[in-house]
Amino acid sequence: MFSSETTLRVRYAETDQMGYVYYGNYATYYEVARVEALRLIGLSYKLFEDNGIMMPVLNLHCKYHKPAKYDDLLTIKTTIKKLPSVRIQFFYAVYNELGVLLNEGETTLVCIDMKTGRPCGSPKILIEKISEYFKL
């Protein structure tokens with residue numbers, strides 16, 4: 001299993017009139033955490049795209065427990081629980097600076113060959129870099 005943590009501070013523009021993070025911003029938080037998780041192991045979406053593979057989001061699930069608020073320092077734990085294939089599933093847990101779980105989510109991305117527009121296997125470099133986290 002692979003896990004990483006990313007921190008970000010809630011900006012005023014991300015909140016609603018009540019001072020809570022607007023619900024739609026969690027998808028952006030997940031993306032930031034996902035990009036940073038891949039960067040941690042030396043990968044990037046740009047690298048995949050330069051090699052002809054795009055990875056659009058197939059589905060998004062989000063569960064709200066408590067609101068994040070303006071100026072909170074959030075920690076987003078990103079986990080990949082199984083080796084990717086055509087699809088790669090990311091799980092997220094968002095905590096405030098007191099360690100309170102605020103939100104949980106999950107995204108599934110699918111690998112698409114940019115030339116054909118059809119699903120394809122995960123990039124070889126992704127499997128090589130992430131496999132070490134799944135060894136017993």
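Things to note:
- For the range 58-68, the criterion of being among the hydroxyl-bearing types (Ser, Thr, Tyr), surrounded by 15 or more Cβ atoms within 10 Å (Cβ to Cβ), in a strand (DSSP E or B) and in contact with a strand residue (DSSP E or B) (Cβ under 8 Å, 6 or more places away or on another chain) is met by at least one residue.
- Looking only at the range 24-53, residues that are touching a Pro at 6+ places or on another chain (Cβ under 9 Å) and closer than 21 Å to PHE90 by Cα come to 4 in all.
- Residue match in the range 31-44 (condition: in a strand (DSSP E or B), under 29 Å from GLU128 (Cβ atoms) and in contact (Cβ under 8 Å) with a residue 12 or more places away in the chain): no
- Qualifying position, being within 19 Å of the chain's Cα centre (by Cα) and either hydroxyl-bearing (Ser, Thr, Tyr) or assigned to a strand (DSSP E or B) (or both), among LEU47, LEU83, LEU109, LEU126: LEU109
- Test result for LYS77, touching a residue at least 24 places away in the same chain (Cβ under 8 Å) and part of a loop (DSSP other than H, G, I, E, B): no
- When GLU104 is tested against (1) in contact with a Lys or Arg (Cβ under 6 Å, 6 or more places away or on another chain); (2) surrounded by fewer than 13 Cβ atoms within 10 Å (Cβ to Cβ), exactly one condition is not met: (2).
- Among all positions in the range 63-80, there is at least one residue which is closer than 26 Å to TYR133 by Cβ and in contact with a helix residue (DSSP H, G or I) (Cβ under 6 Å, 6 or more places away or on another chain).
- Out of GLY52, GLY105, GLY99, one residue alone is touching a residue at least 60 places away in the same chain (Cβ under 8 Å) and on the phi > 0 side of the Ramachandran plot. It is GLY52.
- Some residue of the range 8-26 being in a helix (DSSP H, G or I), closer than 15 Å to GLY105 by Cα and not charged (D, E, K, R): yes
- Within the range 113-136, the set of residues being over 18 Å from LEU58 (Cα atoms) and in contact (Cβ under 8 Å) with a residue 12 or more places away in the chain comprises LYS115, ILE125, LEU126, ILE127, LYS129, ILE130, SER131, TYR133, PHE134.
Throughout, read-outs are computed from the coordinates displayed, never taken from laboratory work. Everything numeric in this text was worked out from a predicted model, so none of it was measured. With ideal geometry, Cβ positions are generated from the backbone for all residues, glycine too; neighbour counts draw on all protein chains shown.
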